[in-house]
Amino acid sequence: MYYYFQKYFSKILLFILFCFVSSANAESLKFKNIKGRQYLSFDELKKNIQNAQFSWNPLLLTAQIKHEKNEVRFQVDSSFYISNGDQYSLEYPPVFDSGNLYIPSALAEELFTGLGLPVHYSFQKKKVQVKSEKSGNTPNGSLDFIMIDPGHGGKDPGAFGVSGVKEKDITFEVSRYLQNYLKKEFPLLKIYITRDRDSFIPLERRSDMANTKLKGNSFGLFISIHCNSALQKSVHGFEIFYLAQNPGSDEDRKVMMRENDIVSSGDPDIGTIESYLLNSQILAESKVLARQLNRTLMTEYGNMIVSRGVRRADFRVLRKALMPAVLLEIGYISNDHEVQVLQSEAFKKNLASSLSKGIKNFIKYRPVI
Ligand SMILES: [Zn+2]
């Protein structure tokens, strides 16, 4: 009896501590529903984001938010915004409603990550929780390891290609080549792989494996490799995803559902699995990593498989990673041409070598956020 008491007592204490830590200083900002779309009040956001400079031009209806060297700009009724010099699109634009400025929740998330703000945040059903950090939690130390994660495995084959080929086999082979290239390219780094055979590993366990390798001030990178699949056979190209709680588009939401093993019920809330307080600075680095890989892959193998760009979605496998993490959909195995390319040894080697170069570029040009 005492044994059990002791066993569970420590767990209960830990749970209480966790609740306390995760809710400490966290502000809740409620969503406003405007024409069936989720918005946040710009003024409320401004109140809760410290260390950033907000400016508003009432004539042009443009806003500019700066934090250190980062800058995000947007305009009322425009579905485009500029983040650190690059233009991106939103599913729906910022609006004025009863004299107040409201921004889509996806743009609010862009502010947290694009500006590299020292906050933790969590998007929930009716609100977003924002908790300011006193000091940044950016992995500013030295890179110590890279964890490669071949998607799926064992009883989980992933998607099936037109020829019957399984996603789990392609992801494994590319990961193996990548492991070899990285070992050669970075002899001082530890290169790990989440599975070295055709075995089943639950999604959350994969990022846990990477987290246990974190030591002191050092940090790691987590690279998860997948193949995409679509009902429409003509869809093709590679995509690089980083973690965000607001998926970039309906298409991104579909990929997220498939990789998270969620069957679509038509209810958009089904995709919002339990929310964690995410570290916006780690996510900002993940975005930089995704963009760098995309740039390198476009020049290195863009002639074989075209880029569909850098995208964002809430992937279970990335959510718990305490380090920059990306998920690659290296091509569509539902496409007749790409499934052949993806099965070619020369291509797999080429892709792995390009990825290794992309990681090298990320390390070289990595900004200090
Ligand atoms: Zn997959």
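The values are calculated or read from the model by the stated rules, or taken from the named source; none is laboratory data. Note that the structure is a prediction, hence the values are computed from the model and not measured. Cβ sites come from the backbone with ideal geometry, for glycine too, and all protein chains shown count toward neighbours. With ligands, DNA and RNA removed, areas are computed over all heavy atoms of the protein, side chains included. Shrake-Rupley method; radii C 1.70, N 1.55, O 1.52, S 1.80 Å.
Pairs over the 21 Å Cα-Cα cut-off, from the set 46/320; 166/190; 35/125; 190/364; 184/364; 46/131: 46/320; 166/190. All C-alpha to C-alpha distances of segment 112-265, sorted into 10 Å bins beginning at zero, yield P(r) values of 9, 31, 35, 22, 4, 0 percent in whole numbers. The relative contact order of segment 163-241 comes to 33 percent, based on Cα pairs under 8 Å that sit 6 or more residues apart. With the cut-off at 29 Å, report for segment 143-365 the share of all Cα pairs above it, as a whole percent. In whole percent, the long-distance tail amounts to 18.
At the residue level, residue 169 shows approximately 60 square angstrom of accessible surface with a 1.4 angstrom probe and all protein chains present.
With both labels modelled 7 Å from their Cα along Cα-to-Cβ, the residue 37 to residue 233 distance reads 3.7 nm. The residue list 194, 240, 94 was ranked by how far each Cα lies along the charge dipole of the chain toward its positive end, using unit charges on Cβ atoms, and 194 comes out on top. Dipole magnitude for segment 26-132: about 380 debye, using +1 per Lys or Arg Cβ and -1 per Asp or Glu Cβ, origin at the Cα centre.
Excluding ligands, DNA and RNA, the accessible surface per residue across the chain is 48 Å² with a 1.4 Å probe. When 208, 144, 196 are compared by accessible area at a 1.4 angstrom probe, the order from most to least is 196, 208, 144. Among 62, 212, 171, the order of accessible area from largest down is 212, 62, 171, computed with a 1.4 Å probe on protein heavy atoms. Using heavy atoms of the protein chains and a probe of 1.4 Å, the accessible area assigned to residue 160 is about 110 Å².
Annotation: residue 329 carries an accessible surface of approximately 0 Å², with a 1.4 Å probe and no ligand, DNA or RNA atoms counted. Computed from point charges on the beta carbon alone (+1 for Lys and Arg, -1 for Asp and Glu), the dipole magnitude for segment 210-365 about its Cα centre is near 740 Debye. Its relative contact order, with pairs defined as Cα atoms under 8 Å and 6+ residues apart, puts the chain at 18 percent. Axis angle, to the nearest 10 degrees, between helix 105-114 and the longest C-alpha principal axis of the chain: 70 degrees. Once the Cα atoms are used to define both axes, helix 2-23 deviates from the longest principal axis of the chain by about 60 degrees.
Couplings 3J(HN,Hα) for segment 242-252, derived from phi with the Karplus relation 6.51 cos²θ - 1.76 cosθ + 1.60 (θ = phi - 60°), are 10, 6, 8, 7, 9, x, x, 7, 4, 4, 4 Hz, where x marks Gly and Pro. Taken about its Cα centre, the chain carries a charge dipole of about 880 debye when Lys and Arg each add +1 at the Cβ and Asp and Glu each add -1 at the Cβ. With θ taken as phi - 60° and the Karplus curve 6.51 cos²θ - 1.76 cosθ + 1.60 applied, the whole-hertz 3J(HN,Hα) list for segment 89-100 is 10, 10, 5, 8, x, x, 9, 9, 9, 6, x, 10 Hz, x standing for glycine and proline.
The length gained by stretching the chain between residue 197 and residue 44 to full extension, at 0.36 nm per residue less their Cα-Cα distance, is 50.1 nm.
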